[in-house]
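Novice: First the structure, then my questions, so here it is.
The values are calculated or read from the model by the stated rules, or taken from the named source; none is laboratory data. Every value quoted in this text rests on a predicted model; they were computed, and no experiment measured them. All Cβ positions, even for glycine, are placed from backbone atoms using ideal geometry, and neighbour counts span all protein chains on display.
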Amino acid sequence: MTTEPRTSIVWDYAPAPEATDHVRLRDRYGLFIDGASRDPAESRYEQTLNPATEQPIAEVAWAGPADVTRAIDSARAAQPKWAALPDRERAKYLFRIARLIQERARELAVVETMDGGKPLRESRDVDIPLAAAHFFHYAGWADKLRYGVNAREVAPLGVVGQIVPWNFPLLMAAWKLAPALACGNTAILKPAETTPLTALLLAEICQEAELPAGVVSILPGDGETGATLVRAPGIDKVAFTGSTAVGRDIQAALAGRPTSLTLELGGKSANIVFEDAALDQAVEGIVNGIFFNQGHVCCAGSRLLIQESIIETLIAKLWRRMGRLRVGDPLDKNTDVGAINSAEQLQRIETLVAAGEDEGAQRRTIACELPEHGYWFAPTLFTEVSPAHRIAVEEIFGPVVSVLSFRTQAEAIEKANNSRYGLAAGIWTDKGAKAFEVASALRAGVVWQNTYNHFDPTAAFGGYKESGFGREGGPAGLRPYLKIAR
Ligand code: NDP
């Protein structure tokens with residue numbers, strides 16, 4: 001008897017683009033200084049591009065030294081009055097900012113995705129809600145500062161300079177501004193040159209919230225603007241998130257000066273899967289750990305450590321799951337992996353991936369159709385990686401995961417700690433005691449158990465070793481913005 005083959009049905013998603021008609025961007029944005037939009041002293045404007053299309057979105061002013069001085073003067077003048085406000089009044093401004101972020105959430109999410117390339121699903125469900133949550137959280141701390149630091153007497157530091165990267169533009173701005181303002185400081189924020197737009201919309205929100213002039217200034221620009229801000233007299237504290245190289249430069253520039261400093265730098269975080277883990281759940285965590293935001297995440301689980309007994313099974317499951325990732329238009333609500341943030345970043349990823357192949361690791365990249373324009377890199381998995389390979393050592397900051405194996409718990413700990421970084425780690429196991437034992441042996445600022453890339457404003461985040469120092473989030477995030485009496 002012959003049987004007819006069953007019809008195979010291929011399911012696919014229909015396009016689901018997010019509407020953009022509610023977004024009202026201006027053609028040109030100035031600097032936000034002293035409570036209003038200002039022209040830059042040197043009249044320099046640069047285009048910000050959509051990395052998914054390479055099309056310009058808007059022109060943005062770049063701040064030079066005279067603008068930095070002007071912003072510092074305004075912030076210095078505003079600081080004593082801001083600090084002298086009753087704590088609950090300062091809290092009300094932060095609440096207002098948080099509410100306004102929520103009100104404008106749809107617009108902010110679309111702009112974040114257009115300017116940075118991340119999938120809308122992430123900007124809508126992670127970046128923007130978490131940015132609002134950080135303002136809410138620190139609004140709650142503004143009248144309880146002493147209780148966040150063991151009931152000691154506290155005072156603000158003064159004027160803080162804050163430099164943020166392009167991977168979570170609004171969220172990083174919120175991480176920096178919310179605790180600084182809650183503590184009574186005034187702040188000057190420099191967004192990254194490829195993603196200034198949501199910071200400039202935040203400037204509008206500060207105006208709408210009637211934040212007193214000078215409490216927040218926003219100075220878009222390039223690395224030179226950042227370097228000028230860091231070195232300017234009149235800055236009492238610098239808070240930086242970005243590459244270890246620039247972090248080192250900033251630390252050297254501030255050596256011998258009374259300026260306080262926190263650095264949140266790179267990482268090469270280990271995501272460790274033990275043989276007793278729930279493997280399907282671990283696969284989801286691995287995917288979220290490395291392909292979330294195209295791997296442009298300082299704490300990305302870019303070194304995947306798998307126990308030898310399950311390596312084949314787990315890689316087969318992971319590879320199958322990777323094949324289902326949807327790469328493409330970041331504004332499509334079904335997209336999992338969006339555009340690489342810039343041509344420079346794409347080049348860095350390609351260089352490191354080529355080094356992985358040259359050094360003998362086995363590369364697998366998922367087959368998918370990439371858009372004609374824009375910057376793209378398909379999710380990639382490397383096996384047969386040795387701990388000395390560049391792809392096991394250096395931060396790739398892209399959708400690329402390097403797999404290493406281990407036999408015993410001790411070996412897993414040793415391999416995980418064998419890094420000049422120490423930002424984060426993940427542990428996948430069914431055994432609670434094992435998770436705690438391993439977590440306490442890891443030199444990593446954040447350790448997730450049976451989850452990954454889970455962020456919460458109440459939890460401290462920060463690194464060891466070349467991943468920097470200082471903590472952001474929760475009560476620990478107040479300390480870097482306060483003078484604390486001994
Ligand atoms: P950078 O460290 O150069 O940039 C971070 C921020 O610092 C940006 O606002 C940048 O401005 C500014 N900046 C640059 N140079 C200076 C300086 N000398 N003094 C003060 N501020 C400065 O990171 P990149 O954007 O160039 O990315 C390079 C690599 O760094 C990535 O491939 C990745 O590996 C890593 N990285 C790590 C991040 C993390 O969160 N750990 C975040 C971003 C990058 P501008 O945008 O104009 O350059």
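Novice: Give just the number: which of (1) near the ligand (Cβ under 10 Å from one of its atoms); (2) closer than 23 Å to GLY463 by Cα does ALA270 not satisfy?
Specialist: (1)
Novice: Separate question: Every residue in the stretch 379-429 that is polar (S, T, N, Q) and either within 16 Å of the ligand (Cβ to nearest atom) or within 21 Å of the chain's Cα centre (by Cα) (or both), please.
Specialist: Within the stretch 379-429, THR380, SER402, SER419 qualify.
Novice: Search the stretch 302-326 for residues that are under 14 Å from SER402 (Cα atoms) and pair each with any residue that is surrounded by 23 or more Cβ atoms within 10 Å (Cβ to Cβ) and among the charged types (D, E, K, R) when their beta-carbon atoms are under 6 Å apart and the residues are at least 6 apart or on different chains.
Specialist: Taking only residues 6 or more apart or on different chains, the pairs are SER302/LYS268; ARG303/LYS268.
Novice: Could you tell me which residue of the stretch 465-486 is nearest to LEU181 (Cα to Cα), considering only residues that are assigned to a loop (DSSP other than H, G, I, E, B) and at pLDDT 95 or above?
Specialist: LEU478
Novice: Quick check: anything in the stretch 326-337 crowded, with 22+ Cβ neighbours inside 10 Å and within 16 Å of the ligand (Cβ to nearest atom)?
Specialist: Within the stretch 326-337, not a single residue is crowded, with 22+ Cβ neighbours inside 10 Å and within 16 Å of the ligand (Cβ to nearest atom).
Novice: Just wondering, is there one or more residues in the stretch 417-430 that are in the same structural domain as ILE311 (by TED's automatic domain parsing), surrounded by fewer than 16 Cβ atoms within 10 Å (Cβ to Cβ) and aliphatic (A, V, I, L, M)?
Specialist: Checked the stretch 417-430: no residue is in the same structural domain as ILE311 (by TED's automatic domain parsing), surrounded by fewer than 16 Cβ atoms within 10 Å (Cβ to Cβ) and aliphatic (A, V, I, L, M).
Novice: Just checking, how many residues over the stretch 182-207 are among the aliphatic types (A, V, I, L, M), closer than 19 Å to ILE128 by Cβ and assigned to a helix (DSSP H, G or I)?
Specialist: 7
Novice: Among the listed residues ALA239, ALA245, identify the single one that is part of a strand (DSSP E or B) and either aliphatic (A, V, I, L, M) or more than 10 Å from the ligand (Cβ to nearest atom) (or both).
Specialist: Answer to the check: ALA239.
Novice: Let me ask something else. So GLN294 passes all but one of these: (1) surrounded by 20 or more Cβ atoms within 10 Å (Cβ to Cβ); (2) part of a loop (DSSP other than H, G, I, E, B). Which condition number does it fail?
Specialist: Of the numbered conditions (1) surrounded by 20 or more Cβ atoms within 10 Å (Cβ to Cβ); (2) part of a loop (DSSP other than H, G, I, E, B), the odd one out for GLN294 is (2).
Novice: Just checking, how many residues over the stretch 221-236 are among the aliphatic types (A, V, I, L, M) and in a helix (DSSP H, G or I)?
Specialist: Qualifying residue count, the stretch 221-236: 3.
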